[in-house]
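In what follows, a single structure is set out as structure tokens and then discussed.
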Amino acid sequence: MAFGRRRQADKPAEEPERTADERAEAADAETEAETEAPAQEAPSDSGPWDSQDSYPEMQRLDFGSLLVPVAQGLGFQVNFEATQVDEEGNPLDARPVAVLVQYGESAMQLQAFAAPKRSGIWDDVRRETATDIQEQANGQVQEGEGPFGPEMVAMVPAALTEEVLAEMPQEVREQIPQEFIDQGWAPQLIRFLGVDGPRWFLQAVVQGAAVQDEEQWQVLEDVLRNVVVIRGEHPMPPRELLELRVPKEFNEADEQEQEEEKVQTFDPFERGPEITEVR
């Protein structure tokens, strides 16, 4: 392509003068067009999957916005957050806020959120999470690259109170060094992974042996890689939690347990009462 002085015929035609109102309407239309234009998604040959993708067929539990694979040895729980409390602070109603996948001595919590059309939020979420861990939990963080892109491993002090020790299975209690018990806390490793999808963000928080045990992590990685996210078409502000529900496979006994065991807040560093279903 040659570059030179534009000829008179190549100049854009002069537009007729518009009023202030007309210029404002045109600017609004351009902004709306940019907002509605979908982000260009790179083709993916592996998950996690969007519900519009051609993802591999397998048995999955339907948690509403998340379809989570089922495999031998996996356990599933749902964490709840209180939406109404009485005058004494006891929960009257609650909503599911996270899916917990268990395998061996490991657990992975899954949450999906709405995200902007044109950009992901994992970089910002990871940075904010690191700040919270360092400033509020007195922990340490280290970032690196994993199978799903940038991720983070945190070391936080976990309390070892008499109540916590009393609730532990005896075999777990016997594995804790006496020096940790004497000081009242033990270092706990937590792995944070995030995946930016089309208008959604999926976060996985891994605790237990799978943070360092490759064999147990491989099982949870396969689960994460085959999760399907159902974003829906309705507009949502970025970072709003996508709606979760309890799968129909959870029997009536589990539904009764849901009423009795509600979690007031979701905290990736603290495990609370949940619904349990082992497949």
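The values are calculated or read from the model by the stated rules, or taken from the named source; none is laboratory data. Computed from a prediction, not measured in an experiment: that's the story for all the values here. Note: ideal-geometry Cβ built from the backbone for every residue, glycine included; neighbour counts use all protein chains shown. All accessible areas refer to the heavy atoms of the entire protein, side chains included, with ligands and DNA or RNA removed. Shrake-Rupley method; radii C 1.70, N 1.55, O 1.52, S 1.80 Å.
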Review point. Mind ordering 53-64, 220-231, 85-96 by average Cβ neighbours within 10 Å, highest first?
Key: 220-231, 53-64, 85-96
Point to revise | Nitroxide proxy distance, nm - points 7 Å out along Cα→Cβ at GLU174 and ASN90 | key: 3.9
Exercise for review: Along Cα→Cβ, 7 Å out, is where each label goes; now give me the distance between the ones at LYS248 and GLU57 in nm to one decimal.
Suggested key: 1.8
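Taking N as the number of residues in region 62-193, what is its alpha-carbon radius of gyration divided by 2.2 N^0.38 Å?
1.27
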Study note, to complete from the structure: Rounded to whole angstrom, the alpha-carbon centroid of region 61-115 lies from that of region 139-160 at a distance of 21
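So if I place +1 on the C-beta of Lys and Arg and -1 on the C-beta of Asp and Glu, and nothing else carries charge, what would the dipole magnitude of region 81-158 be about its Cα centre? I want it in debye, nearest 20.
In debye, rounded to 20, region 81-158 gives about 440.
Students often check this: by mean Cβ neighbours within 10 Å, which of 100-110, 133-143 ranks highest, and how do the rest follow?
Packing order, densest peptide first, comes out as 100-110, 133-143.
What is the gain in length, in nm to one decimal, between GLU233 and ALA209 on full extension, counting 0.36 nm per residue of separation less the C-alpha to C-alpha distance?
Numbers: separation 24, 0.36 × 24 = 8.64 nm, distance 3.79 nm.
Gain in length upon complete extension: 4.9 nm.
So for PHE148, PHE192, what's the accessible-area order with a 1.4 Å probe, most first?
Working: PHE148 35, PHE192 5 Å².
From most exposed to least exposed: PHE148, PHE192.
Inverting the mean 1/r over all pairs of different Cα atoms, compute the Kirkwood radius of region 108-179 and quote it in Å.
Values: mean 1/r = 0.0652 Å⁻¹.
Radius from the Kirkwood sum: 15.3 Å.
Given the C-alpha atoms of region 117-156, compute the convex hull and give its volume per residue in Å³. Please report the intermediate quantities before stating the final value.
On the way: hull volume 2.5 nm³, N = 40.
Hull volume normalised by residue count: 63 Å³.
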**Study point:** Of PHE192, THR161, VAL172, farthest towards positive along the dipole that unit charges on Lys, Arg, Asp, Glu beta carbons give region 154-196
**Key:** PHE192
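For region 148-213, what is the relative contact order in percent, using Cα pairs closer than 8 Å and at least 6 residues apart in sequence?
On the way: 77 pairs, mean separation 26.0, N = 66.
The value is 39 percent.
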